[in-house]
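Worksheet: the structure to be examined is printed underneath.
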Amino acid sequence: MNAERAAAVPFDITALRAEFPQLRRKVHDKPLIYFDNANTAQKPQCVIDAVSRYYSQFNANVARAVHTLGSEATQHYEATRDKLQHFINAAHREEIVFTSGTTAAVNLVAYAWALPKLQAGDVILVSMMEHHANIVPWQIVAERAGASVLPAPITTTGEIDIEGALAMMSERVKLFGITHVSNVLGTINPLRTLIDAAHARGIPVLVDGSQAVPHLPVDVQALDCDFYVFTGHKLFGPTGTGALWARRDILQQMPPFLGGGEMIERVGFDRTTYALPPGRFEAGTPNIAGFVGLGAAIDWIERIGIDRIAAREAALGAYALERLQAIEGLRLIGEAAQRAPVFSFLIKGAHAHDLATLLDFEGIAVRSGQHCAHPLLQFFGVPATARVSLAFYNTMEEIDAFVEAVAKVRKVLT
């Protein structure tokens with residue numbers, strides 16, 4: 001279903017909001033308006049029930065027992081791998097490696113794929129708008145190898161400087177890391193243009209999809225990237241879940257990152273051999289309940305339709321942008337033409353933390369700070385911002401209430 005058709009399908013937002021118990025609570029005796037979805041998303045009741053059902057009905061370890069509970073746990077756990085394969089259109093289920101989140105997935109690639117290849121003088125190229133999770137792991141392994149991590153430039157509108165990025169893609173660059181959607185600016189990057197250009201120069205590409213998978217259809221085969229990482233808790237699933245996707249041939253060439261139970265084929269003091277991917281990278285007892293819950297979240301999204309979610313969020317984002325731009329004294333950070341409904345801003349004369357604190361007393365949850373993107377905020381010359389990040393379950397009325405609350409607290413702060 002394309003975006004135009006999705007927008008025409010009736011969307012019973014009242015009924016869907018009722019599936020999220022957290023949205024019914026009050027904060028400081030005011031109805032909660034949750035505008036911190038880029039941080040973590042709320043969970044529908046079906047996800048909460050799935051986690052509870054695991055612990056109450058088939059709590060057992062996976063891939064270790066032939067008894068009924070162990071078989072049921074394994075069946076539900078591995079079913080999530082199949083659901084994620086379909087959700088991002090991976091070619092093979094074995095290309096889905098379960099991790100605790102995006103940070104763990106990037107570290108896995110950094111240590112198991114990049115570190116064995118890096119040599120002194122090599123470069124890892126990442127964009128200026130990256131989350132720390134797509135900067136710091138590369139810095140750690142680069143320092144060990146005598147390599148360096150360099151930032152590809154962005155424009156003052158918060159978009160990737162394509163020509164500047166291409167100019168930096170020299171033969172020294174061994175990987176290009178780029179976010180699909182900026183967690184600070186909402187910018188949707190032109191991935192296929194960047195990926196094609198990198199591949200033409202023999203450079204593999206890792207995409208951070210944390211802010212994309214909850215909001216946009218993602219097809220890793222169409223993107224043609226080499227690695228795609230994302231987290232489950234922003235995808236309406238439990239915390240402590242996420243995944244690395246990589247092509248099967250790449251995974252088969254990678255050594256293990258963590259050693260322990262279940263990532264092996266045979267263990268002996270003379271020699272240990274490792275399991276095939278993805279098991280090779282999934283040592284120890286995983287977050288079984290979390291991945292059962294993530295499977296329920298994927299089912300729920302598939303029922304609603306990611307195209308319908310994207311269409312609704314586009315409408316919410318356009319309305320929010322219009323209302324934000326009309327607020328006196330507001331400075332919006334980033335003005336990308338293609339963007340998700342994520343808005344970082346400052347109010348003249350008000351510190352971001354003070355603004356967020358007073359908005360909380362109005363029942364409105366926004367994030368303030370540097371959003372794990374210090375270099376990006378330094379680029380814009382600001383110490384911190386407040387951030388509104390919407391999900392499809394937010395409403396136009398909530399946006400109006402937010403604008404009224406900003407006007408109220410602005411009088412206190414300025």
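The values are calculated or read from the model by the stated rules, or taken from the named source; none is laboratory data. None of the values given here were measured: they were computed from a predicted structure. Using ideal geometry, Cβ is built from the backbone for each residue, glycine included, and neighbour counts are taken over all protein chains shown.
This table checks each residue for (1) in contact with a Lys or Arg (Cβ under 9 Å, 6 or more places away or on another chain); (2) closer than 15 Å to Ala147 by Cβ; (3) assigned by TED's automatic domain parsing to the domain that holds Gly242.
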| residue | (1), (2), (3) |
| --- | --- |
| Thr68 | no, no, yes |
| Ser71 | no, no, yes |
| Arg81 | yes, no, yes |
| Gln85 | yes, no, yes |
| Leu108 | no, no, yes |
| Leu115 | yes, yes, yes |
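So which residues in the range 120-151 are in contact (Cβ under 8 Å) with a residue 24 or more places away in the chain and among the β-branched types (Val, Ile, Thr), if there are any at all? Selection gives Val123, Ile124, Val126, Ile135, Ile140, Val141, Val149. Exactly one residue out of Ile154, Ile124, Ile140, Ile160 is at pLDDT 95 or above, surrounded by fewer than 19 Cβ atoms within 10 Å (Cβ to Cβ) and in the same structural domain as Glu95 (by TED's automatic domain parsing), and it is Ile140. Regarding Gly259, is this residue over 18 Å from Val109 (Cα atoms) and either outside any loop (DSSP other than H, G, I, E, B) or assigned by TED's automatic domain parsing to the domain that holds Val207 (or both)? Criteria not met by Gly259.
Hey, which of the helices (runs of 4 or more DSSP H) in the range 63-180, taking only ones fully inside, have at least 2 residues that are under 17 Å from the mean Cα position of the chain (by Cα)?
68-88, 102-109, 136-145
Considering the range 264-351, the qualifying strands (runs of 3 or more DSSP E), each wholly inside and each with 1 or more residues that are aromatic (Phe, Trp, Tyr) and touching a residue at least 24 places away in the same chain (Cβ under 8 Å), run over 342-347. Residues in the range 157-191 that are among the β-branched types (Val, Ile, Thr) and free of Cβ contacts under 8 Å to residues at least 60 places away in the same chain were compared, and the one that is farthest from Ser389 (Cα to Cα) is Val173. Taken as a whole, the condition of being surrounded by fewer than 22 Cβ atoms within 10 Å (Cβ to Cβ) and in the same structural domain as Asp208 (by TED's automatic domain parsing) applies to His132.
Can we say Ile309 is under 20 Å from the mean Cα position of the chain (by Cα), assigned by TED's automatic domain parsing to the domain that holds Met396 and among the β-branched types (Val, Ile, Thr)? Yes.
For the range 383-414, a tally of residues being part of a helix (DSSP H, G or I), free of Cβ contacts under 8 Å to residues at least 40 places away in the same chain and in contact with a strand residue (DSSP E or B) (Cβ under 7 Å, 6 or more places away or on another chain) returns 0. Considering the range 352-382, the residues that are free of Cβ contacts under 8 Å to residues at least 24 places away in the same chain and not small (Gly, Ala, Ser) include one that is nearest to His215 (Cα to Cα), namely Gln370. Considering only residues in the range 348-362 that are in contact with a strand residue (DSSP E or B) (Cβ under 6 Å, 6 or more places away or on another chain) and crowded, with 20+ Cβ neighbours inside 10 Å, the one that is nearest to Ala407 (Cα to Cα) turns out to be Leu355. Close Cβ contacts (under 7 Å, 6 or more residues apart or on different chains) running from residues in the range 201-220 that are in a helix (DSSP H, G or I) to residues that are hydrophobic (A, V, I, L, M, F, W, C) comprise Val220/Ile88; Val220/Ala90; Val220/Trp245.
Scanning the range 354-412 for residues that are basic (Lys, Arg), more than 29 Å from Ala310 (Cα to Cα) and at pLDDT 95 or above yields nothing.
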